[in-house]
Each structure stands twice: as C-alpha cells, then as structure tokens.
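Encoded as structure tokens, the structure appears first; notes follow it.
The values are calculated or read from the model by the stated rules, or taken from the named source; none is laboratory data. Quick caveat: nothing in here was measured; it's all calculated off a predicted structure. Backbone-built Cβ (ideal geometry, glycine too); neighbour counts: all protein chains shown. SASA here: full protein model, heavy atoms, side chains in, ligands and nucleic acids out. Shrake-Rupley method; radii C 1.70, N 1.55, O 1.52, S 1.80 Å.
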Amino acid sequence: MKDLTPVLILDGGLGTTLEDKYHVDFSSDKTPLWSSHLLVSDQATLLACQSEFANAGADVILTATYQVSIEGFAATKTPEWPRGISIANIGQFLEDAVLIASQAAPPESQIALSLGPYGATMIPSTEYSGVYDDEGVRNLSSWHYQRLMLFAKVPKLLSRINLVALETIPRIDEIIVVRKMISEQRSRFSGSSGDKIIGKLPQNCLPMWISCVYPGEDERLPDGGSVEDAVAAMLSSEVSAYVPWGIGINCTKVGKLASLVKRYEKAVQGLIDTNILVDWPSLVLYPDGTNGEVYNTTTKTWELPEGRKAPEVPWEIQLAEVVNATMSRGEWRSILVGGCCKSTPSDIKRLRELFPVAQDGLSDADTQDERIHDGLGSGSG
C-alpha cells in the first residue's frame with residue numbers, strides 16, 4: 001500500500017486580513033510596501049495578525065515581505081522617516097519580519113520567506129497582468145538579485161528561514177530568473193536541512209517553492225504561457241541542475257484548481273518520463289479565499305462579477321477535495337495547502353480541521369474523507 005502523502009497547512013491572506021479585521025488602510029501612495037508597511041508603522045498589529053494564523057493551525061508562516069523592494073522603502077514616508085527609508089536602513093525591518101514571524105509561529109512550525117514578483121512592487125501592481133515596463137523586463141534578473149541581497153546582508157538572516165517562497169509569478173521569463181538566482185545563491189540558505197516539516201532535502205533540491213497565478217479563464221499565465229511551460233520552467237534540469245522543493249498555484253480562484261492540478265501532474269510526469277526530472281516535488285496550493293469575488297485593480301475592491309453567483313460549497317471543502325483527489329492520483333512528496341487573498345484565520349482553522357495533525361506532526365489522512373463529507377452537509381455558514 002502506498003504511503004499517504006503528508007499534508008501541511010500554510011497560513012492565509014495577511015494583507016486582506018489586516019484590512020478587513022484590523023482596519024489597516026493600504027494605498028499605493030501612502031503604503032507602497034502594503035502589508036510590509038507594518039514592519040515600519042505597527043509591528044504589534046502585524047504580530048497579532050500572524051499569530052492568529054499560527055493559532056489556527058498553520059504549519060508554515062510566511063514573512064510579511066511579499067512587496068519588499070528598494071523602491072518601496074524609498075517611497076515609504078512616515079513621521080519617523082519623512083524622506084523615506086534608505087537602503088542602509090532596510091535591513092533592520094527585514095530582521096524584524098523574520099523575528100515577528102518566528103514569534104508568531106509555535107516552535108514546531110516553519111518560516112517561509114515571502115518574495116513576490118517584480119509586478120507586485122509596481123504602481124499600479126501588475127502581477128495579475130504580467131505586463132512589465134521595458135526597464136523592468138531588461139533588468140528583471142538584477143532587480144531580483146538586488147532584492148535578495150537586502151536579506152543576505154543581514155547577518156545570519158537567511159539561515160534562520162526554512163523555505164523561500166517565490167510567489168504569484170506571472171511570467172515564464174521571471175520563473176527562470178528567480179530559479180537561476182536562488183540556485184546561484186544556494187549556499188546562503190542553510191536553515192531547512194533536515195527540518196521535520198519539509199523533510200531532509202534530496203540532493204540538488206533547493207529549500208524553496210515557486211508558485212504561479214492563473215487569473216484568466218484560459219488556464220494560462222498572465223503572459224500567455226501555458227501550464228506545461230510554467231512547470232517546465234520551474235522544474236526542468238535544462239534551466240538549472242537545482243530544483244525547488246515545491247511548485248504551486250496561488251492567488252487563483254479555488255474552483256479552477258482541480259483542472260490546473262491535473263495539468264500540473266501530467267506535466268511533471270512528462271518531465272520524469274523524458275528524464276528531464278528525477279523525482280516528484282511537493283505541491284503548494286493557496287488559492288484566494290474569496291466567495292467568487294474578483295479583485296478590481298481600478299476600484300481596489302473585491303467584487304462579484306455581474307451574473308455570477310457565489311458557490312454553495314464552502315471554500316475549505318472545495319480546497320480539501322482538490323487535495324484529496326491529487327493525493328489519490330499523484331506522487332507529490334508532500335502537499336502544502338493554505339490560502340491567499342481574503343482567506344482568514346477562521347478559514348485556515350476550518351482547513352486544519354479537515355487535515356488534523358497526527359502524532360508525527362503531519363496530517364492524519366484516515367478521517368479526511370469523513371470530515372469533508374460532514375462539511376458538505378453543513379452548508380457554507
């Protein structure tokens with residue numbers, strides 16, 4: 001009998017929870033760092049919010065660094081920093097980001113360094129469109145390298161995180177850039193070796209995951225790249241001899257996951273069958289926690305598209321069904337599952353209840369189907 005795939009729980013939508021529950025106002029002009037702004041303005045609130053996700057049962061906590069950039073800090077003006085924050089002063093806030101995540105997480109949890117795409121730092125943000133300015137495209141590699149060096153220059157910071165999360169990547173060329181960058185800087189990451197949560201890394205496997213966003217109805221990246229091209233860019237030995245611990249999907253509607261995951265499975269198996277990839281990676285899934293709403297980049301609000309009804313099945317049940325289905329078909333090393341925008345600590349708590357922790361610290365799959373069936377009968381309330 002095949003061993004059950006370990007299921008781990010990721011946290012949820014930090015920025016939207018800060019907005020919705022903690023009443024934090026974000027805007028491109030006043031808070032260009034978005035959720036990372038709280039590293040400058042209100043660390044106590046940031047700690048409280050991240051602690052909620054940890055208390056909800058998350059095994060992995062992401063740092064509040066998704067929108068970190070040199071430009072974002074320079075544009076952040078507060079009473080204490082009226083002229084913005086220079087490169088020389090950024091390190092202290094990155095140190096605090098890892099410290100706060102560590103304080104929020106229980107000892108058995110792990111910390112993932114959140115790094116968004118170049119488009120997430122543009123004004124307006126373009127990670128959902130994949131449309132980058134000409135300078136950004138030309139300097140994509142150097143931009144990502146310079147941002148990583150902000151963290152690398154803080155003594156022992158990178159050795160204190162367990163995983164690097166390269167998230168919401170909308171373009172094939174950017175997948176290749178970030179993968180090569182982490183491969184070239186692999187000696188800087190030593191915190192994950194032998195960790196209970198992610199296990200001992202196989203040879204030539206890097207402690208990172210790369211996740212992509214699929215906002216359209218055509219199951220393509222925002223730049224038009226196919227699922228198969230994205231998986232190849234994330235895993236092919238032709239890009240780098242070093243492969244990530246995991247690949248995934250985030251900031252995408254939960255209803256689209258079932259089809260996308262099947263295509264991920266087929267693409268991975270194809271790479272293995274052609275000897276381009278040696279073994280299966282882990283799978284990381286953290287869709288938007290919305291009830292059908294879509295983010296309007298013009299109005300900066302979440303809106304239910306005209307003529308579309310909210311799904312009747314609860315978000316966590318939909319997500320758990322996808323996880324269990326891929327467990328029954330695939331060969332993933334493990335599955336890390338959580339939420340992205342609009343997913344709350346309550347959502348993560350209900351998801352955790354569907355994948356309870358066994359004595360070995362991993363999810364006990366014996367009662368998952370029963371719990372999901374019970375959830376389907378409880379309605380969406």
### Query
Just how far, in whole angstrom, is segment 128-162 from segment 210-241 if you go by their alpha carbon centroids?
19
### Query
Hey, got the dipole for the chain? About the Cα centre, +1 on K and R Cβ, -1 on D and E Cβ, debye to the nearest 20?
800
### Task
Work out from phi, with θ = phi - 60° and the Karplus expression 6.51 cos²θ - 1.76 cosθ + 1.60, the ³J(HN,Hα) of each residue of segment 53-62, listed in order in whole Hz, and give x for Gly and Pro.
5, 5, 5, 6, x, 5, 7, 10, 10, 7
### Links that overshoot a 20 Å alpha carbon limit, given the list 77/153; 256/309; 309/342; 180/266; 266/342
77/153; 180/266; 266/342
### Task
In whole Å, largest first, what are the principal axis extents of the Cα atoms in segment 39-153?
43, 32, 26
### Task
Hey, can you grab everything whose amide H is under 5 Å from the amide H of residue 206? Only 5+ residues off in sequence or another chain; H modelled, so Pro and N-termini drop out.
243, 245
#### Entry: Å² per residue, accessible surface of the chain at 1.4 Å
43
### Query
Two-decimal Rg/Rh of the chain from alpha-carbon positions, Kirkwood Rh?
0.93
#### Entry: Fraction of accessible area attributable to carbon and sulfur, the chain (%, probe 1.4 Å)
50
### Message
Explain nothing, just compute: Karplus ³J(HN,Hα) = 6.51 cos²θ - 1.76 cosθ + 1.60, θ = phi - 60°, for every residue of segment 24-39 in order, whole Hz, x for Gly and Pro.
### Response
8, 9, 10, 7, 4, 7, 9, 9, x, 8, 6, 4, 5, 4, 5, 5
#### Entry: For segment 166-177, 3J(HN,Hα) per residue [Karplus equation, 6.51 cos²θ - 1.76 cosθ + 1.60, θ = phi - 60°, Hz, x = Gly/Pro]
9, 10, 6, 6, x, 9, 5, 4, 6, 4, 5, 4
### Query
Sorted by average packing, counted as other Cβ atoms within 10 angstrom per residue and highest first, what order do 91-104, 203-216, 74-87 take?
203-216, 91-104, 74-87
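What is the Cα radius of gyration of segment 85-137 over 2.2 N^0.38 Å, N being its residue count? Don't skip to the end; give the middle numbers.
On the way: Rg = 15.3 Å, N = 53, 2.2 N^0.38 = 9.9 Å.
Compared with the compact-globule rule of thumb, segment 85-137 sits at 1.53.
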